[in-house]
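Participant: This is the structure I have questions about; it appears just below.
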Amino acid sequence: MISDRMILHCIEEAGDIAGIDLTVTDSQGRIIAGNRSKKIPDQQVFREFLKSAEDERTADGYGIYRICEGDETACILVYSGGPEGYVSARLVAAQLRNLIEADRDKPDRNSFFRSLLLDSLPGVEIYNRARKLHVEAIQKRCVFIIEPVIRKDNDLTDMVRELFYTEAGDHVIAVEEGRVVVIKALSEDEGADELQETAQMLVDMAGSEAGDDVRVAYGTVADDIKDVPASFREARMALEVAGIFYPFKRTIEYANLGVGRLIYQLPTDLCRLFVKEIFGDEIPDEIDEEILTTVNRFFDNSLNVSETSRQLFIHRNTLIYRIEKLQKATGLDVRVFDDALTLKIALMVVNYMKYVEDRH
């Protein structure tokens, strides 16, 4: 139910514009707001109206209008004056009904989408509630999750809401602490490029408007509302995988997680066995950080010595020296493709194992 203050503001403004005397009571006839004299009919007339199935009645210079919330009477609007004000009073009653309906739909929609994302609704209930809330069941949608890289006190929810439109079928909701979820409705011609553009737009806007460095992950497209929870789970998994293996990426697509997705799903015992096979008793933390930075840049440049040395502003011989130092520590020569691939995967596995240990 909307607040008494909102009701008062509505009838004061509408009453002053129309020049009419309006009073609002609760369903028992107790006055809760009025813009002028706060007149109501005698109790007998009022009781008869409340017991009836009528939505409105005019008698003895009064107009009485029932305002419902669902099947229940939310309040009663009373107009006192001559017949010339009845039309204006009916318009105010319609405005009150719209306010109450909008207020009722808002939390209901939030509750519906929150339950939907958390996969706590049976299939039949999803369609029933969607129909009641006028949410299209057959509609292309994709779930985006926005997460600050560094948690701050400011809430991104309001900023994100300004970028999307409920009228277009979009919905913004805070489901998990620190994260904002966008359920975006898509047109038939929107595809991978448009999804990437939306993700990048969210990253850019968070930076320019809120000063936040954020990651944005998104799942695959759901054609039916019952498939939206799967898109949400995919986006959430994409965020986790990116946090472990691709910490500098700011837009993450579930369908493009690469080898990180595979490692994320490996049993930890198998990961330990693989790391021990590659590194033995030498733990990766003992490898010089400078060398690790160098080799990661070497990987980024497709094992190109000249380009890597140029980007790092070091001499070619210095780069080769660091590569040979790494070879002595690990037995792997990253100038050889097979060794480079092995080391790249091994370092990713180590990052995953650290993540699992920290989580527990």
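Participant: Check each of the GluC sites (Glu not before Pro) in region 27-102 and keep only those in coil by DSSP with at most 14 other C-beta atoms within 10 angstrom; list them in order.
Facilitator: GLU54
Participant: Let me ask something else about it. May I ask which of LYS226/LYS249; LYS249/LYS325; LYS184/LYS226; LYS152/LYS184; LYS276/LYS328; LYS249/LYS344 have a Cα-Cα span longer than 23 Å here?
Facilitator: LYS226/LYS249; LYS249/LYS325; LYS152/LYS184
Participant: I need to check one value: relative contact order of the chain, counting alpha carbon pairs closer than 8 Å and at least 6 residues apart, in percent.
Facilitator: Answer for the chain is 11 percent.
Participant: Which lysines does LYS39 reach when only Cα atoms under 28 Å apart count, and residues fewer than 8 places away in its own chain are ignored?
Facilitator: Qualifying lysines at Cα under 28 Å: LYS51.
Participant: Let me ask another. Fully extended, how many nm does the chain gain between GLU54 and ASP155 (0.36 nm per residue separation, minus their Cα-Cα distance)?
Facilitator: Extra length from GLU54 to ASP155 when fully extended: 31.8 nm.
Participant: Next up: Apply the a/c threshold of 1.5 to the C-alpha gyration tensor of region 190-281 and tell me whether it is rounded, prolate or oblate.
Facilitator: Oblate.
Participant: Using a simple spin-label model with points 7 Å from Cα along the Cα→Cβ vector, what separation in nm is obtained for GLU324 and ARG47?
Facilitator: 10.5
Participant: Something else about it: Rounded to the nearest 0.05, what FRET efficiency do LEU270 and ARG233 give with R0 = 41 Å and r taken as the Cβ-Cβ distance? Could you check?
Facilitator: 0.95
Participant: Just how large is the dipole of the chain about the Cα centre, in debye to the nearest 20, putting +1 at every Lys and Arg Cβ and -1 at every Asp and Glu Cβ?
Facilitator: Using only the charged Cβ atoms, the result is roughly 340 debye.
Participant: For region 192-206, just list the computed ³J(HN,Hα) in residue order, Karplus coefficients 6.51, -1.76 and 1.60, θ = phi - 60°, integers in Hz, with x standing in for Gly and Pro.
Facilitator: 4, 5, 5, 5, 5, 5, 5, 4, 5, 4, 5, 4, 5, 5, 4
Participant: Next question. Let me have the 222 nm mean residue ellipticity of the chain computed from DSSP H runs of 4+ only, each contributing -39500 (n - 2.57), with the sum over all residues rounded to the nearest 500.
Facilitator: The helix contribution divided over the chain gives -16500 deg cm²/dmol.
Participant: On to the next question. Want the number for GLU197 to GLU84: 0.36 nm per residue separation, take away the alpha-carbon distance, what's left?
Facilitator: Value of the extension gain: 35.1 nm.
Participant: Out of the trypsin sites (Lys or Arg not before Pro) in region 1-108, which ones are loop residues according to DSSP with at most 14 other C-beta atoms within 10 Å?
Facilitator: Sparse-neighbourhood loop trypsin sites (Lys or Arg not before Pro): ARG30.
Participant: Compute the angle between helix 316-330 and the longest alpha-carbon principal axis of the chain, please, reported from 0 to 90 degrees and rounded to the nearest 10.
Facilitator: Roughly 90 degrees between the two axes.
Just so you know, all these numbers are worked out from the coordinates, no wet-lab data involved. In this text the structure is predicted, and so the values were computed from the model without any measurement. Neighbour counts are summed over all protein chains in view; Cβ atoms, including those assigned to glycine, are modelled from backbone coordinates with ideal geometry.
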